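Down below is the structure, laid out as structure tokens.
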Amino acid sequence: MSAYAFNGMQIAHDEEGYLTDIAEWTPELAELIAKSENIALTPEHWEVVNFLRDYYEEYQIAPAVRILMKEMTKKYGKEKGDQKYLYGLFPYGPAKQACKIAGLPKPTGCV
Amino acid sequence: MAAPDAPTADRSHGDPLEMPALCPGAMAASKPYPASPAMQTALGFPGQLVEDWHDKAIARLGELVNGSRALRVYLDSCVKCGACTDKCHYFLGTGDPKNMPVARQDLLRKVYRRHFTLAGRYVPWLVGAEDLTEAVLADWVSYFHQCSQCRRCSVFCPFGIDTAEISMAARDILDTIGLGQKYSNEIIGKVFKIGNNLGLPPKALKNTLESLEDDIEEDTGVRVELPLNREGADILLVTPSADFFASPHMEGLIGYAKVLHEAGVSWTFSSYASEAANFGMFIGSTDTMQKVALRIRKAAEDLKVKRLVFGECGHAWRVAYNFLNTLAGPLDFLDPAYPIPQHICEFTLDLIERGKLRLDKSKNDAIRLTFHDSCNVARASRMGDEPGGQFEIPRAVLRAVCNHYFDMAPETTREATLCCGGGGGLLTDELMDLRLKGAQPRMRALREVADEHGVTHMAAICAICKAQFSKVLPKYGFDMEGIVSVHQMVSNAIVLTGSKQAEELDAAHGVASTAS
């Protein structure tokens, strides 16, 4: 199993970079995970990451993309509640790539 | 091997079925992530490769050929006529000769011959029989995960040899010796633990459904319910959990809800059976397939429903249509006046034909549409009362809701349809290179109708097809939102009784509003 080297610690992740223990996530670690995905986190990225984490805490799963878009619209306006905007931030998809950076498990299934 | 993100512009034009240049070994390094010991043991398989893997594998192969006459006939009867060689989308997309269906079958057939035929035991070199070595085992892991079990090759085989069954048998053996595949086995574990592939807990499911009710109300002014665990409802709707999560799946789910609302029937989802998909089939495990299928039976009994309707999911429909009665029957507590089970497309077309749905086709006028036949619906099951219903029913629904419909080339549709490239347990990121290449024939067929008829969108009735196409379309120069659900098209066109849309339409036609 591979690991992120972070503050002198080894934080284990799976083959694709998802954290083995989601409790080990910190905002600083998110910056490192994002870097390994070639993403430099901006405040716009954090709006998504923070929403995902809040939703996960409540429901034990990441939100559906449609719900993410709706909540983004409510909070930040229509142009941010758009699938293409979210793909612009997270080119590999707001569900999978943003979850990885937010330290959440990968959504599985036919998605 | 090309990087997954390599530009595919050169791949996107040309004859969809063009014979590729041979590239031996091109895909030898493609393989899925292994299932972790925990994922394996949760399904009753060994956690890792067992020490006596060779003998265990041969013993399991023996059990499988003794338990399935079909499998034995498939392994015995190939005459190497070559009819299948250029029929697999993965061969067409990769040029790797081991992706010719006959070569894929031979990976298992040569070991079968060595141990289970007289000639193979005594003169193996004369009959193409070989021992199961580590190299052969590595080929199994790689190339039996480059088959999406789509059965296109079997349509062209004069003996009807079904490579899907051979792939399933090989994956069953791999699981038995501890070499399971992460994607499928992790997902099956989630179905047992949580109730669906996604791992969506009941609380989240409830929240998702309520959010959709709000969306529909905001859009139409009508409160359309998406009920969960409603005991005594007439219909249990079982749908892939991707419908609760991804796009364009969820837009299809909204379509089912609107249709059921207009039909005036009582219906419900179940949180216990919140999954139509049955990945037990992909890994060739009848026991697993049965356990998953029994969840649907239990939910139907517990909720005391009379009818079972399935949403848009390809292999779920195969399992439901062909095997549900065998795996989880008899379903004699359901109302025999209706098909057991019924496909949502059948349900919708019946309402359309009886004039029960008000449709405004012009709402889809910005869309020029084609239909991708999903392999498990097209070749492994049927729909409705007439032969070919699985081809005609979804098309009839689409034509009823959309003014601009065009079929792709006949050698790429209906029973000759091409796999999306992500079916059969291959819809996983580490196989993206394979998925992109395997999608090439379908993408070329789509390019033809896009160029010729200006087609902008492609509809499908399978969650895997939808997820796969939303990933690969952009790599072939199409919009990622060019893939739509069949019931998304219905959702766009349906005019709910008492809705804003109904008022607007009435006003446009100079009719007094009848919001009853």
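Here, each number is a calculation from the coordinates, and none is a lab measurement. Computed from a prediction, not measured in an experiment: that's the story for all the values here. So basically every Cβ, Gly included, is an ideal-geometry build from the backbone, and we count neighbours across all protein chains shown.
General observations
- Checking Cβ-Cβ separations below 4.7 Å across chain B identifies B:23, B:78, B:81, B:88, B:147, B:157, B:313, B:345, B:402 as cysteines lacking any candidate disulfide partner.
- Binned Cα-Cα distance frequencies in the stretch B:9-187 - 5 Å width, integer %: 1, 8, 16, 19, 20, 16, 10, 5, 2, 1, 0
- Here the residues B:381, B:374, B:68, ranked from fewest to most Cβ neighbours within 10 Å of their Cβ, fall in the order B:68, B:381, B:374.
- Global geometry of the stretch B:4-111, whether rounded, prolate or oblate, following the gyration tensor of its Cα atoms and the 1.5 cut on a/c: oblate
- Prolate/oblate/rounded call for the stretch B:290-351, Cα gyration tensor, a/c under 1.5 rounded: oblate
- Shielding value for B:284-291 is 0, the average number of Cβ atoms from other chains within 10 Å of each residue's Cβ.
- Length-normalised contact order of the stretch A:1-99 in % [C-alpha pairs under 8 Å, at least 6 apart]: 15
- Relative contact order %, the stretch B:120-201, counting alpha carbon pairs below 8 Å whose residues are six or more apart: 15
- For the stretch B:229-366, a Kirkwood hydrodynamic radius built from all Cα pairs, placed in the Stokes-Einstein relation at 20 °C and 1.002 mPa s, yields a translational diffusion coefficient of 138 µm²/s.
- Equivalent ellipsoid, chain B (semi-axes from 5 times Cα gyration tensor eigenvalues, Å): 41, 27, 19
- In the stretch B:158-287, the convex hull through the Cα atoms has an average projected area of 10.8 nm², a quarter of its surface area.
- Value of [θ]222 nm, deg cm²/dmol, for chain A, DSSP H segments ≥ 4, -39500 (n - 2.57) each, nearest 500: -14000 deg cm²/dmol
- Taking all Cα-Cα distances within the protein assembly as shown, those exceeding 33 Å account for 45%.
- With neighbour counts taken as other beta-carbon atoms within 10 Å, the residues A:25, B:140, B:125, B:317 rank, fewest first, as B:125, A:25, B:140, B:317.
- Peptide-level mean, for B:194-205, of C-beta atoms on other protein chains within 10 Å: 4
- Cα→Cβ-extended label distance, 7 Å offset, between residue A:76 and residue B:265, nm: 4.2
- Of the GluC sites (Glu not before Pro) found in the stretch B:206-281, those that fall in a DSSP loop while having at most 15 other beta-carbon atoms within 10 Å are B:231.
- The charge dipole of the stretch A:2-101, taken about its Cα centre with unit charges on the Cβ atoms of Lys, Arg (+1), Asp and Glu (-1) only, comes to about 540 debye.
- Look at A:87, A:55 and count the other Cβ atoms within 10 Å of each Cβ; fewest to most, that gives A:87, A:55.
- Helix A:27-36 vs. chain A, principal-axis angle (Cα, 0 to 90°, nearest 10): 90
- Per-residue average of Cβ from other chains inside 10 Å of B:317-327: 0
- Placing unit charges on the Cβ atoms of the charged side chains and taking the dipole of the stretch B:9-187 about its Cα centre, the candidate lying farthest along the positive direction among B:117, B:137, B:40 is B:117.
- Tensor-based shape of the stretch B:236-299 (alpha-carbon gyration tensor, a/c under 1.5 rounded, otherwise prolate or oblate): oblate
- FRET efficiency for residue B:134 and residue A:37, using Cβ-Cβ distance with R0 set to 35 Å, rounded to 0.05: 0.50
- For chain A, the spread of Cα positions along the three principal axes, ordered from largest to smallest, is 41, 28, 23 Å.
- For the pair residue B:223 and residue B:66, the difference between a 0.36 nm per residue extended length and the Cα-Cα distance amounts to 51.0 nm.
- Among the listed pairs A:96/B:466; A:74/A:100; B:56/B:193; B:258/B:466; B:206/B:471, a Cα-Cα separation exceeding 22 Å is found for A:74/A:100; B:56/B:193; B:206/B:471.
- Averaging the sequence gap over all C-alpha pairs within less than 8 Å and six or more residues apart, then dividing by the number of residues, gives the stretch A:44-111 a relative contact order of 32 percent.
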